[in-house]
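Taking it in order: structure first as structure tokens, then the write-up.
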Amino acid sequence: MADAVIPTAVLRNLSDKLYEKRKNAALEIEGIVKSLAAAGDHEKISAVINLLTMEFTTSPQAHHRKGGLIGLAAATVGLTTEAAQHLDRTFASAVPLQILRETEMDLQRLQIKLGLLKSIMRHFIFSTLSLFSFLFWLCNICYCLNVPCQKIVPPVLESFADQDSRVRYYACEALYNIAKVVRGDFIIFFNKIFDALCKLSADSDGNVQSAAHLLDRLVKDIVTESDQFSIEEFIPLLRERMNVLNPYVRQFLVGWITVLDSVPDIDMLGFLPDFLDGLFNMLSDSSHEIRQQADSALSEFLQEIKNSPSVDYGRMAEILVQRAASPDEFTRLTAITWINEFVKLGGDQLVPYYADILGAILPCISDKEEKIRVVARETNEELRAIKADPAEGFNVRAILSIAKRQLSSEWEATRIEALHWTSTLLNRHRTEVLSFLDKIFDTLLKALSDPSDEVVLLVLEVHACIAKDLQHFRQLVVFLVHNFRTDHSLLEKRGALIIQRLCVLLDAERVYRELSTILEGEADLDFASIIVQALNLILLKSSELAELRNLLKQSLVNSAGKDLFVSLYASWCHSPVAIIGLCLLAQTYQHASTVIQSLAEEDINVKFLVQLDKLIRLLETPIFAYLRLQLLDPGRYTWLLKALNGLLMLLPQQSAAFKILRTRLKTVPSYSFSGNQVRRGSSGNSYSQILHHIPSGSQISEDGDVNQDVGTSNLHNGINLTTKLRQFEQMQQQHRLHAKAQAQSRKISTSSSKAVQRPEEAQRQPSLDNSGAISRSSRKGLGQLHL
């Protein structure tokens, strides 16, 4: 039938290799179709379209395909207002009903494609016919239809994938002419056209790209003026295409997003979570133009969010959190800026996402880019200022988990803010935090080894806040001692800072009493000796412990001082120098002298001398000014002089500590004890004459009173110093046995690993004389101990 309508010469020219002949043939077809449309002969029109589709657009010959495309465009122009009926629908109204009834259909041969059914449904949805009319026509078609489908657009769309670039070009041209004619009725093919244009925008042929851009602009105009465009059907396709990396496709996508967002009737903001991640992904594109376009689109959307009363913050927050960790600097800055605005605007919607947001903010606080750090800090402060309640979905455990993870960050600023969050949660939700304490306690203890002093101080504040309860206080001290035991470097580098700060945050007496109780039963004697020495030095020189020292100075006259002295004494027995220092501080000078006299040969080793050196130097500090002033009254403080002389006798004569103490004792005045008149001896070593002037048979008490009852001299303010001395001697005996066992173990280990020693090596070893005297060089080495 179509052959009879269209002359053979026209069909021949339509497939000619010359463009002009194809163009003239298309004009002939346009005139023929226009005449048929005027006569209302839709059956012949359908035959013409089917001929162009079946014989030309699907032909293996490229010129036939080109002619088919230009012919379809010409037919559409000829149809004008009636062209929409032939785009992709079965035009059943053009077929008389009696013909449909007279034609029987073999159901096994009929295959109605899903695309045809969708087209039929779309036709009736957008028309004024009722659902009843739709069912009626569908039944008639399914019953007796054998009229071929008139399709104009699908063959053109298929030509977009043609291998010949000229065919693709003419397909763009044909669809452009078709779109100009049908306008709004064109929308039903929008997704397919969009998908085709998306691919053509990255075509390898420049002419095809140019043609596609012209078609794209026309389609945008049609969409913006149409009221039939379905954003709901388009968004899934857009979301799928947003992951494409081709720069031309990305420009194409951003352009469409911008255009659709400018249409008042299209709510792109409501679907922003579907393509927001794709826009952020474009911020790291290598093309400056694409980055700029994506940033412009995002800025416009952010402004709309600020002005919109209803926004889905939750879904977008998840995307922003991921993008805040992007390796691209510009992407991180944009993401953290969005998060900042969301925290200010989101309100209750963001409460369940606080943990994720915090996990994105904390690393950015230490970002190398200053702009990111500033925005991140501001966002962090805004977030921490919000007082959310667990009943509203605020997950305390999730926040603590984030803080715990960030405590292991390599950046100091991030660790500090993580500790601030932990402290804030403790103050606001103490019960919930303490229920989760076992999960974070080890991490907090490890943070005490942090190289940053500021971090350590903040950790101690958190620990002090936790330790307000007696149970947790005991747990803290136990774990702290355990950490000191397993990590001696922590005690060496951070011990003083940790103990001093805890004494400030918690009660110093309470801290020292608890430490003493724990160390009293410490099985590791070496560790006990080391930590007691450290605690003693902190006690004697730390300004934070001034009140504790003042309390100990009153041990002989005050019950509180006495209790503290007794409490510390048991654990201080692990170190002779610590006991001596404690006695000098508590002014139990007679007991200090007795302890010095009780020291055995094994006790006086290099470690002892090093610790004694430190003590001698501390005696010259303002903390022991009261002790030096007491030397002005040697008659009353004779036991003090004996104790100091005892220390002097223990020190090597060439040591700096010996010279310091001897110089100090030389300044002690020599007063007569026999009369009321005070006279000073003429000897340069006046301190050596003091004991000579003590009356025979008199006893000197701790406070210097003469002729005190000997029976009560060992009981001072309820302190039984005789018992204490026995306790000290027993502890020192344990240390001696432990040292001997260690020496024996080392000796066995060394002898088992050594080879047979050569005779000449044995002869070269230095020998000691029978008295065990140390050589001059050895004595000089001991005497030159310096700290």
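Just so it is clear, none of the values below were taken in a lab; they were calculated from the coordinates. Because the structure is a prediction, the values reported are computed rather than measured. Don't worry about glycine lacking a Cβ; one is built from the backbone with ideal geometry, like all the others, and counts go over all protein chains shown.
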Residue-span extension gain [residue 743 to residue 38] - 0.36 nm each, minus C-alpha spacing: 241.8 nm
Shape of the stretch 224-358, Cα gyration tensor, a/c cut at 1.5: oblate
Distance between modelled label sites at residue 412 and residue 370, nm, 7 Å Cα→Cβ extension: 1.9 nm
Net charge of neighbours whose Cβ lies under 10 Å from the Cβ of residue 226, counting Lys and Arg as +1 and Asp and Glu as -1: -4
Length-normalised contact order of the stretch 314-464 in % [C-alpha pairs under 8 Å, at least 6 apart]: 19 percent
Per-pair calculated FRET efficiency, R0 = 41 Å: residue 465 and residue 306 via Cβ, rounded to 0.05: 0.60
Rounded FRET efficiency, nearest 0.05, which uses the C-beta distance separating residue 344 from residue 239 and R0 of 22 Å: 0.20
Spacing of the two label points (7 Å from each Cα toward its C-beta) at residue 18 and residue 163, in nm: 2.8 nm
Part-to-part distance (alpha-carbon centres) for the stretch 491-568 and the stretch 420-484, which is given in Å: 20 Å
Net charge of Cβ neighbours under 13 Å - reference residue 246; Lys, Arg +1; Asp, Glu -1: +1
Extension gain, residue 258 back to residue 659 (0.36 nm per residue minus Cα-Cα distance, nm): 135.7 nm
Cβ-based net charge around residue 485, under 11 Å, with every Lys or Arg adding one and every Asp or Glu removing one: -4
Ranking of 747, 192, 659 by count of other Cβ atoms within 10 Å, fewest first: 747, 659, 192
Residue-span extension gain [residue 226 to residue 430] - 0.36 nm each, minus C-alpha spacing: 67.5 nm
Distance violations [Cα-Cα > 18 Å] among 446/493; 17/66; 21/66; 468/562; 23/192; 34/180: 468/562; 23/192
Three-way shape call for the stretch 507-564 based on the alpha-carbon gyration tensor, with the a/c threshold at 1.5: prolate
Förster-model FRET efficiency, 35 Å R0, residue 482 and residue 325, C-beta, rounded to 0.05: 0.45
Computed magnitude of the charge dipole of the stretch 467-574 (debye, nearest 20; Cβ of K, R +1, Cβ of D, E -1): 280 debye
Residue 649 versus residue 625: modelled label distance in nm, points set 7 Å from Cα along the beta carbon direction: 3.2 nm
